[in-house]
Each structure stands twice: as C-alpha cells, then as structure tokens.
1. Give segment 106-133 a look and list any residue that's over 17 Å from residue 61 (Cβ atoms) and over 19 Å from the mean Cα position of the chain (by Cα), or say none.
2. Does segment 287-315 hold any residues that are closer than 13 Å to residue 7 by Cβ and in contact with a strand residue (DSSP E or B) (Cβ under 6 Å, 6 or more places away or on another chain), and which are they?
3. If only one of 234, 188, 179, 175 is part of a loop (DSSP other than H, G, I, E, B), surrounded by 15 or more Cβ atoms within 10 Å (Cβ to Cβ) and not assigned by TED's automatic domain parsing to the domain that holds residue 91, which one is it?
4. Let me confirm something: among 115, 122, which residue is surrounded by 18 or more Cβ atoms within 10 Å (Cβ to Cβ), closer than 30 Å to residue 40 by Cβ and at pLDDT 95 or above?
5. Test residue 103 against the stated conditions and say whether it is under 17 Å from residue 211 (Cβ atoms) and crowded, with 19+ Cβ neighbours inside 10 Å.
6. Kindly indicate the residue of segment 237-270 that is in contact with a strand residue (DSSP E or B) (Cβ under 6 Å, 6 or more places away or on another chain) and assigned to a loop (DSSP other than H, G, I, E, B) and also modelled with the lowest pLDDT among those meeting that condition.
7. I want to confirm something. Restricting to segment 4-16 and keeping residues that are under 16 Å from the mean Cα position of the chain (by Cα) and in a loop (DSSP other than H, G, I, E, B), which single residue is surrounded by the most Cβ atoms within 10 Å (Cβ to Cβ)?
C-alpha cells in the first residue's frame, strides 16, 4: 500500500507515548529498544513513564516524537506493507519524513534530532526569544505587523504558516509581545504566547542551524526514494544535495506547512493521507486547509489496528 504520509512536530509529545505500540507489536519493541542503545539512555522509559516537564524539554521531546513516529511507521510497513507515495513533516517531523523516504537510518535520525534539540535549547539560552500563535489573520497581515515592529536590535518574523487563519510568529521577547498587541488591536481572533525555550524558525537560532548542518553531514545521507516536501520552501527535494541544502535553512526559515500541504494535494490523487506519529495536530490543520481528502491519524495501537482491519476488508 502506498499513501501520502505526514509526520508531526514538537508539541505532540505526551507521557505514555508509544507504550501501547510497544505492548502490542514486536516491531515497535525492537525500534524502542534499539533507540535506547543508540542514544545511550532510557528514552523508552522517559516516553512511557517519565516526568512531563523533562519529556517536554526540547532535547528530549524531539527524539521522543521521532521515535514514536518511526515505530508507528515500521509497524504499518510490517502489517500492511505501507510505503510513502510522497511525504512531509512539520519542522522536527521533516526528519521522520526523511526516514520514511529512505534518506536517513532511523537510529542516525534519532541522534541528529537529539543534537538538534540540544542546539536549539542552547541557542534559546544565548539569544532569548519566544513565539506566539496568531489566530484569525492571514499571513500578509501578520507579516506586515512583523515588519513594522522589527528594528535593528529586535526582530519578530513569521515562523509557521500552519493553515488559513493560524500563523506563528517568533523573535525577541519584546518584539513578539509588541506584535501580539498589534495583532489584537487589528482584529486577530486570538493571540497566544507559546511555552517554548527559544525563538525557533527565526534569525535568533542561526548559530544552531550552522552547527547542526555540519553534524548532519557526518552521517550517511541517501537520495530519497520518493519526494519529500521541504518545510523551507514547500518544494519537493529528492537528491542528497537538495536535502542538505533544505535542512541548512530549516531552523531559521518559516515552516510553510499550508503551502506544503497544498502541493501534496496537487501532486497526489490519493484520497487518504496518513498522519504517522503521536497526536492528530496535522489532521486538524488539514481540515482547515482542504476538506476534500481524508486524513487519518496512525499513532496509537488502536488507530493502526483499525486501519489494518479496513485494509483487510477492502482487499
């Protein structure tokens, strides 16, 4: 079976994540056990029964989400022969998408995103910043506010274009707060400061991006078996060179998720898209982008069993 696959990003973690997969599927157990060995600490225990505050730390949340996503993917491959026809992931989720497309070995990807989280956390400490969600305004309106508020020593930029009416901004704390006030005064339905450790997808994390790319280059990187839609420019990448170039811009460029999903829909006739990993945030975003296709969350044992049963019924 082939289908478009999308993978969630940071914020989808929760204590207990993946425990049902581990209990139900030997393939998932193998992935989790190998992850502990690859990372050199008990990531499985942290996912299943760790403290929420520790799991939520960027350096832990990122590998935890990728691990859950890869475990679910491998179970789906074993149960129904699932392979991507095209794939994409939201920010951190792009690394899960690269694993699905055969670009990165799963254990290498875990090491990379663990390092990614560490570098992002460090950048947040060195260059303090924050992020905020702006609801009910389009990207042009929010972008104009960011331009007006930003100065030489204080910047705020568009960070995530998630779906119509949901934009995330990122930058220096005071600039973000000023932009939040302006958005509220100009008609935003809601403006919410996010609980994050830094100004991700902004110039404030440029140092982390440069060091991360050098680390990525130390691993084997293959050409993709299928198109991977890049966060940085919402275009497909396939060759090793294209992938490295895209990842070299990912941390400081906005996540063009709405554009990426529109491209996926345009390039695929599949009526069903699978969200592989914890939660169903991307399923909700897709409903706001285009309701003509069905998006199915596939992160829990129950969800996977339901999909397998449906595939058997249709066979």
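1. 126, 127, 128, 129
2. Hits for segment 287-315 are 295, 297, 298.
3. Exactly one of 234, 188, 179, 175 is part of a loop (DSSP other than H, G, I, E, B), surrounded by 15 or more Cβ atoms within 10 Å (Cβ to Cβ) and not assigned by TED's automatic domain parsing to the domain that holds residue 91, namely 188.
4. Only one candidate qualifies: 115.
5. Against the criterion (under 17 Å from residue 211 (Cβ atoms) and crowded, with 19+ Cβ neighbours inside 10 Å), residue 103 does not qualify.
6. The selected residue is 270.
7. 8
The values are calculated or read from the model by the stated rules, or taken from the named source; none is laboratory data. It should be emphasised that the depicted structure is a prediction, and the values quoted were computed from it without experimental measurement. Counting neighbours? That spans all protein chains shown, and the Cβs are built from the backbone with ideal geometry, glycine included.
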